[in-house]
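Below: the structure, in structure tokens.
The values are calculated or read from the model by the stated rules, or taken from the named source; none is laboratory data. Quick caveat, the model's predicted, so the values are computed rather than measured. As a convention, Cβ positions derive from the backbone with ideal geometry for all residues, glycine included, and neighbour counts pool all protein chains shown.
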């Protein structure tokens, strides 16, 4: 099916110019019509007033019986004529002497007036004629007074010519100015587009130019640069993650292959239990590492998960109770009644990773404390131990992926340096935080999670 394209300009610049010109054209048309109508009505009213004044004056003279045969013209009147009820002209101005009645329209008896545009006189211009009925000693007469509409006609013509010439010129000026202004306004946008088009996976360090003017385009450029910063950071993290994951996977795979090669080279049944045991440990390590990598990928993708109200004290108790074979017991101090909106599996994983980290480094004691920060409406989860502690310079680095402060020890205990990174990502997914904070015994890892709105 072929789509029919609408005849509409494709560029913002052309659309803005066309839209502005159309709006101005409509406004000018409405204003021109209104101006022309007002001017025409005003000139017609002036002519009508002049003729009416002359007719009233002559009508008063006729009523008093003082009507002369030759009627003088006043300013604004072009002719005047008095006609009796039989249609005979009884008086007229100099320019109508000897002419028949200019009209046969008779107003009703009394001082009523009738106004209409008469036929051309003299120079061929239209006339505004006013008829007034007056009672004289000899009977009723009709006074016709007229004034030329030459000024109104000339003004109408001049106005039409002026509008016919001025309107296209004004519209052309509006179009040119709009085209120029829009072009200057969109020039930074084109520069941004050109720069973004040049940015590739190998040139993520490039940024779009920010205009000096503090306008919407400048804010767009700053937002675009912030987005590019996040994109570059994400790509760098992804590349580092892939490199670290490849390195971490290579080590157990190499060890597992070596063990299998040794088993094949020395088919001694007495060695097989140890070889199988070691191979199983490396297989479990590979499985755990693959699970961690999959969870990190889900966290990075911010996949939606179901969230329900969770009693944090109950979650901590069941998590600690389910840990069998821990090197050290875990002392707990849990404030009841703290409810958090979250995913149970992920929060259990967060707590498990924190406790696993404490088990690796503690000397004789591990403490788990849950309390609330009512001012900030937060549930505070603290895991502390009496181990060697964390140097100040490394208190943020330990949350980076594949980071080990004691590489040999962590590798022997099966750690890949992902536990705390996963725990922090889970905390962020729940709109919380995870940091190393000072503690009376040195430092501890503290998670802060928002309390449920329906909680205490």
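When segment 141-180 is examined, which residues are found to be surrounded by 16 or more Cβ atoms within 10 Å (Cβ to Cβ) and part of a helix (DSSP H, G or I)?
150, 152, 155, 163, 167, 171, 174, 175, 178, 179
Which residue, of 15, 45, is surrounded by fewer than 17 Cβ atoms within 10 Å (Cβ to Cβ), within 29 Å of residue 148 (Cβ to Cβ) and under 60 Å from the mean Cα position of the chain (by Cα)? So that I can check it myself, show each step before the final result.
Working: 15 fails: within 29 Å of residue 148 (Cβ to Cβ).
None of the other options fit; the residue is 45.
Can you name the condition, by its number, that residue 246 falls short on among (1) farther than 22 Å from residue 294 by Cα; (2) out of contact with any helix residue (DSSP H, G or I) (no Cβ under 9 Å at 6 or more places or on another chain)?
Result: residue 246 fails condition (1) only.
Can you tell me which of (1) surrounded by fewer than 17 Cβ atoms within 10 Å (Cβ to Cβ); (2) farther than 30 Å from residue 184 by Cα; (3) in contact with a helix residue (DSSP H, G or I) (Cβ under 6 Å, 6 or more places away or on another chain) is the one residue 79 doesn't meet?
(1)
Only one of these is in a helix (DSSP H, G or I), in contact with a helix residue (DSSP H, G or I) (Cβ under 9 Å, 6 or more places away or on another chain), in contact (Cβ under 8 Å) with a residue 40 or more places away in the chain and over 30 Å from residue 403 (Cβ atoms): 220, 275, 186, 260. Name it.
Residue meeting the stated conditions: 186.
Residue by residue through segment 198-217, note down the ones that are outside any loop (DSSP other than H, G, I, E, B) and without any contact (Cβ under 8 Å) to a residue 12 or more places away in the chain.
First, pick out the residues of segment 198-217 that are outside any loop (DSSP other than H, G, I, E, B): 198, 216-217.
Scanning segment 198-217 gives 198, 216.
Which numbered condition in (1) more than 30 Å from residue 12 (Cα to Cα); (2) within 49 Å of the chain's Cα centre (by Cα); (3) loosely packed, with under 12 Cβ neighbours inside 10 Å is the only one that residue 198 fails?
(1)
Determine whether segment 298-308 contains at least one residue that is farther than 27 Å from residue 401 by Cα, out of contact with any helix residue (DSSP H, G or I) (no Cβ under 6 Å at 6 or more places or on another chain) and either free of Cβ contacts under 8 Å to residues at least 12 places away in the same chain or not assigned by TED's automatic domain parsing to the domain that holds residue 384 (or both).
Looking for residues that are farther than 27 Å from residue 401 by Cα, out of contact with any helix residue (DSSP H, G or I) (no Cβ under 6 Å at 6 or more places or on another chain) and either free of Cβ contacts under 8 Å to residues at least 12 places away in the same chain or not assigned by TED's automatic domain parsing to the domain that holds residue 384 (or both), one finds none in segment 298-308, hence no.
Return yes when residue 184 is surrounded by fewer than 13 Cβ atoms within 10 Å (Cβ to Cβ), over 30 Å from residue 419 (Cβ atoms) and not assigned by TED's automatic domain parsing to the domain that holds residue 403 and no when it is not.
yes
Which condition does residue 245 not pass, out of (1) surrounded by 12 or more Cβ atoms within 10 Å (Cβ to Cβ); (2) assigned to a helix (DSSP H, G or I); (3) modelled with pLDDT of 80 or more, if it passes all the others?
For residue 245, the failing item is (3).
Among the residues of segment 91-107, write down those that are over 16 Å from residue 147 (Cα atoms) and surrounded by 18 or more Cβ atoms within 10 Å (Cβ to Cβ).
Scanning segment 91-107 gives a single hit, 91.
Of the residues that make up segment 395-409, is at least one at pLDDT below 95, in contact with a helix residue (DSSP H, G or I) (Cβ under 7 Å, 6 or more places away or on another chain) and part of a helix (DSSP H, G or I)?
Yes, the conditions are met somewhere in segment 395-409.
Quick one: would you say residue 71 is modelled with pLDDT of 80 or more and either assigned by TED's automatic domain parsing to the domain that holds residue 137 or more than 11 Å from residue 143 (Cβ to Cβ) (or both)?
yes
Within segment 75-82, identify whether any single residue is at pLDDT 80 or above, in a strand (DSSP E or B), within 17 Å of residue 137 (Cα to Cα) and assigned by TED's automatic domain parsing to the domain that holds residue 148, and answer yes or no.
Yes; the residues of segment 75-82 include at least one that is at pLDDT 80 or above, in a strand (DSSP E or B), within 17 Å of residue 137 (Cα to Cα) and assigned by TED's automatic domain parsing to the domain that holds residue 148.
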